[in-house]
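Take a look at this one; I'll ask things after.
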Amino acid sequence: MRSFFSTLLLLNWGLLLFLIILAIGVIAALDLIAPGFRPLLLFVYVLIAIFGTFYVSFTIARKVTDPLSMIEKKTKEINAGDFGVELSSPEILELANLTVSINEMAKRLKNQFLDLTVEKEKFNSLLQNLKEGVFAIDTKKKFLFLNRNIPPNIISENSQFSEIKASIKNKVLLSFIESKLKKGIEGRTEFQEGNHFYNARIYPIKSNDMIHLHIGVLLDITEDRQNQLIREQFFQNASHELKTPITSIKGYAETLDYKLRLEPGSNEKKFLDAILRNTERLVRIVEDMLTISRLENHQTIIQTKSFLLLELVKNVTDSVGVILSSKEQNLKIEIDPKLKFEADMVLIEHVLVNLISNASAYSPNGSEIKIRAEEKIDKYILQIIDQGIGVSPEDSERIFERFFRVDMNRSRKEGGTGLGLSIVKHIARLHSGEVSVSPNSERGSIFTFEFPKK
Ligand code: ADP
């Protein structure tokens, strides 16, 4: 195999040598033949020289153009996704190197193509076998793909490439998705279709701040809902069943205390006091359980009205004042006297009582408790800030669960039921808001109760 340059040189030199030898032969022959034939001999020589040059040029051109057109054909095939057979190696070195590179490129592309196909298959089978319904929506509000776990009564079957408006049958889901697509943000909602409850999530896929598509996930939560209902029902029944016997135990214990007039310091008096103390606690627990049941069953239809928050806070602090003064705690109120909340006043009072008594219970004597509130364009914010023991980040979600206490003994000692924050959370939900805890920069915690304006 030679390079193009040496092939060119070799063929040209070969031609030149051939013509020189032929010319010597012709000169030698000129003396031997009759003068009349000499022009004919010269003419034949010129003719051979012309055809020889033409032949050499043609051969050189063919050696280049044939492999080049083969390469062109092959690259077109690769472009069309046909990796087919390998190119055979041409005689010219440069072109041979080019074909080797093209063959290697085709092999690599073929492997990558196969890998991609396998990955796509894996992704597809994973997607199709998910418990959740998964779909993607492009920027033109059309479905890009949908897996088979999407119930056809929510999104029509075979909706790929069709508009979401025409395909989504559930009105709540449609308006939720449309609003999130419009704002380009992620979101989560719950909705009902027939006897089933679903959780829907949607989030945008972005790169360079550009949204390319939205991914949606649908999960059937009917079973969870039913379990939750059973738990709530049990909670409600248990609290109702406990209320009557506990009230009667309390009544009898109080009567005994009154009638027996036991010696202070005697064992009998200590036992009776313990019975009374614990029945008091049980009564509080049952009352809190009943409150949660009422809030959960949405029996409490919230009675929204506009009221001056500072007035309500003052009423509440009057009633919890005894607890605060017993620990010599100082209450600081930072609320604009004109600030009005649009909410259920009775429930907000519950929130204040629970959060202020907790702030007092979990803070040392002589510390300060601050109550702040503000109105934003879209929401109301109420904060209770203490300088107490604080809540660790791991517990900051769990303290809102029923009966969760960071320190069971301390909670008992403070007369806690373990249900106060759960009640606050339910009240936040009823106002479509939320309650959270964060660390106070000095020491202690900040409990934030916020809810949107109507
Ligand atoms: P409890 O009746 O035990 O106070 P809650 O539901 O009101 O029940 O509170 C749950 C737990 O959260 C408490 O037991 C306590 O561990 C923690 N907690 C609540 N408020 C505070 C606070 N202000 N500072 C520190 N920990 C708190």
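The values are calculated or read from the model by the stated rules, or taken from the named source; none is laboratory data. Values in this document were obtained by computation on a predicted structure and should not be read as measured data. Note that each Cβ is placed from the backbone with ideal geometry, even for glycine, and that neighbours are counted across all protein chains shown.
In the range 1-42, which residue that is of a type in the set (V, I, T) and modelled with pLDDT under 90 is nearest to T59 (Cα to Cα)?
It comes out as T7.
List every residue pair whose Cβ atoms sit under 8 Å apart, with the two residues 6 or more apart in sequence or on different chains, where the first one lies in the range 385-409 and is touching a residue at least 24 places away in the same chain (Cβ under 8 Å) and the second, anywhere, is exposed (fewer than 13 other Cβ atoms within 10 Å of the Cβ).
Listed pairs, sorted by first residue: Q387/E442.
Could you run through the range 112-161 and say how many residues are surrounded by 11 or more Cβ atoms within 10 Å (Cβ to Cβ), hydroxyl-bearing (S, T, Y) and more than 19 Å from the chain's Cα centre (by Cα)?
Result for the range 112-161: 2.
Across the range 348-385, which residue is nearest to the ligand (Cβ to nearest atom) among those that are buried (at least 16 other Cβ atoms within 10 Å of the Cβ) and among the polar types (S, T, N, Q)?
N358
Next up: Within the bounds of the range 442-454, is there any residue that is within 24 Å of E287 (Cα to Cα), crowded, with 17+ Cβ neighbours inside 10 Å and aliphatic (A, V, I, L, M)?
Within the range 442-454 (the criterion being within 24 Å of E287 (Cα to Cα), crowded, with 17+ Cβ neighbours inside 10 Å and aliphatic (A, V, I, L, M)), the answer is no, since none of the residues qualifies.
(1) under 30 Å from N278 (Cβ atoms); (2) in contact (Cβ under 8 Å) with a residue 40 or more places away in the chain; (3) away from the ligand (no atom under 13 Å from the Cβ); (4) out of contact with any helix residue (DSSP H, G or I) (no Cβ under 6 Å at 6 or more places or on another chain): which one isn't true of M345, the others all being true?
Exception for M345: condition (1).
If you take the residues in the range 386-445 that are among the acidic types (D, E) and either within 10 Å of the ligand (Cβ to nearest atom) or out of contact with any helix residue (DSSP H, G or I) (no Cβ under 8 Å at 6 or more places or on another chain) (or both), which one is modelled with the lowest pLDDT?
E414
Any chance the range 92-105 includes a residue that's closer than 30 Å to T59 by Cβ, assigned by TED's automatic domain parsing to the domain that holds K74, outside any helix (DSSP H, G or I) and out of contact with any strand residue (DSSP E or B) (no Cβ under 6 Å at 6 or more places or on another chain)?
yes
Scanning the range 175-214 for residues that are among the hydrophobic types (A, V, I, L, M, F, W, C) and part of a strand (DSSP E or B), which turns out nearest to E132 (Cα to Cα)?
A200
Another question, then. Quick one: which of V172, V134, V217 is among the β-branched types (V, I, T) and assigned to a helix (DSSP H, G or I)?
V172
Do any strands (runs of 3 or more DSSP E) entirely within the range 271-347 hold 3 or more residues that are of a type in the set (V, I, T) and assigned by TED's automatic domain parsing to the domain that holds S248, and if so, which?
Qualifying strands (runs of 3 or more DSSP E): none found.
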